[in-house]
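The values are calculated or read from the model by the stated rules, or taken from the named source; none is laboratory data. Remember, it's a predicted structure, so these values are computed and weren't measured experimentally. Cβ placement follows ideal geometry from the backbone for every residue including glycine, while neighbour counts extend to all protein chains displayed. What goes into the accessible areas is simple: the full protein's heavy atoms, side chains included, and nothing from ligands, DNA or RNA. Shrake-Rupley method; radii C 1.70, N 1.55, O 1.52, S 1.80 Å.
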Amino acid sequence: SRKMEDILAEARSLAEKGYKELIVIAQDTTMYGIDLYGEKRLAELVRKLNEIDGIKWIRLHYCYPESVTDELIDVMANCEKVCKYIDIPFQHASDGVLRRMGRRGKEADYRALIEKLRAAMPDITIRSTFITGFPGETTEDFETLMRFVNDTELDKMGVFAYSREEGTPAAEMEDQIDEEVKELRRDALMALGQEISKTKNEAKIGKTLDVLTESKIGKDTFVGRSMGDSPDVDGSVIFKSKNAKIGEFAKVKIEKASEYDLEGTADESCK
């Protein structure tokens, strides 16, 4: 990992150049500090990033659920620049599948973590990824996963059919799943996720969101992202404005919603 001083120096340099958003990401972001300092220090890093002038958003990606600590949740809830957004790769919800994947968590732990995050930050956006068709996944395992997603109503999710990679332990496991079954399960889970996402987005109609303007796509028409949208993996906010500037924030009143994107009009009276 990179030393904290190095990361903070880069963040200050980016802020001086006008960057507004930082994304903190690693193979397992929540383990930051273990190799360098012998202890987890992500919460400390984020707290120090929050103090840098010029930065508006700090976003956390790829935080393994087993290592999302109460201290990190407290930092997220109380540091104003930290996006109320977290990407947690749950991967599955069946205890048996999670065990075969080599994951330490269990469904009950994941449900408890989601409740804890939402209790601390009622407006948090939780993104996750799941894999269907992992070797040995039964119909009952998949039904457990569907029920988990339906119950927890995760805000954003990606779903991938398991791919057998040569040289990995899973590739040698028995009970490999038929490709068609993997894909059917993936499609069913994605359809459920899209339904939930659309309902969540429709609930934002009438609300005014801070939107980071990223591009102009037509006369008085811009595209940006809200705090609940990470670049490249989440949706966008398409809005009308006469004064928006790329790289700056706009206050956008949401008027329409789809599964992924929002549409609205900028409040030009807000600075």
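Brief remarks on what is shown
- Residues in the range 154-164 that are under 17 Å from the mean Cα position of the chain (by Cα) and either open to solvent by less than 90 Å² (accessible area, probe 1.4 Å) or among the basic types (K, R) (or both): L154, D155, K156, M157, G158, V159.
- One residue stands out in the range 221-251 among those that are over 23 Å from the mean Cα position of the chain (by Cα) and among the basic types (K, R): the one that is farthest from C83 (Cα to Cα), namely K242.
- Residue that is modelled with the lowest pLDDT [pool: residues in the range 165-180 that are surrounded by 15 or more Cβ atoms within 10 Å (Cβ to Cβ) and not in a helix (DSSP H, G or I)]: Q176
- Condition broken by K106, with the remaining ones in (1) within 26 Å of K56 (Cβ to Cβ); (2) touching a Leu at 6+ places or on another chain (Cβ under 8 Å) satisfied: (1)
- If only residues of the range 229-250 that are outside any strand (DSSP E or B), more than 17 Å from N201 (Cα to Cα) and touching a Leu at 6+ places or on another chain (Cβ under 9 Å) are counted, the one that is most open to solvent (accessible area, probe 1.4 Å) is E248.
- Exactly one residue among K198, K253 is over 30 Å from Y19 (Cβ atoms), open to solvent by 70 Å² or more (accessible area, probe 1.4 Å) and at pLDDT 95 or above, and that residue is K198.
- Residue ranges of helices (runs of 4 or more DSSP H) in the range 8-84 with at least 2 members touching a Ser or Thr at 6+ places or on another chain (Cβ under 6 Å): 34-37
Residue-by-condition table, conditions (1) open to solvent by 30 Å² or more (accessible area, probe 1.4 Å); (2) within 26 Å of S197 (Cβ to Cβ); (3) not hydrophobic (A, V, I, L, M, F, W, C):
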{"residue": "E44", "(1), (2), (3)": "yes, no, yes"}
{"residue": "T69", "(1), (2), (3)": "yes, no, yes"}
{"residue": "L72", "(1), (2), (3)": "no, yes, no"}
{"residue": "M76", "(1), (2), (3)": "no, yes, no"}
{"residue": "Y85", "(1), (2), (3)": "no, yes, yes"}
{"residue": "D123", "(1), (2), (3)": "yes, yes, yes"}
{"residue": "F130", "(1), (2), (3)": "no, yes, no"}
{"residue": "N150", "(1), (2), (3)": "yes, yes, yes"}
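- Hits in the range 204-226 (condition: in contact (Cβ under 8 Å) with a residue 40 or more places away in the chain and open to solvent by 60 Å² or more (accessible area, probe 1.4 Å)): I205, K207, T208
- Scanning the range 93-121 for residues that are under 15 Å from the mean Cα position of the chain (by Cα) and surrounded by fewer than 18 Cβ atoms within 10 Å (Cβ to Cβ) turns up just one, R118.
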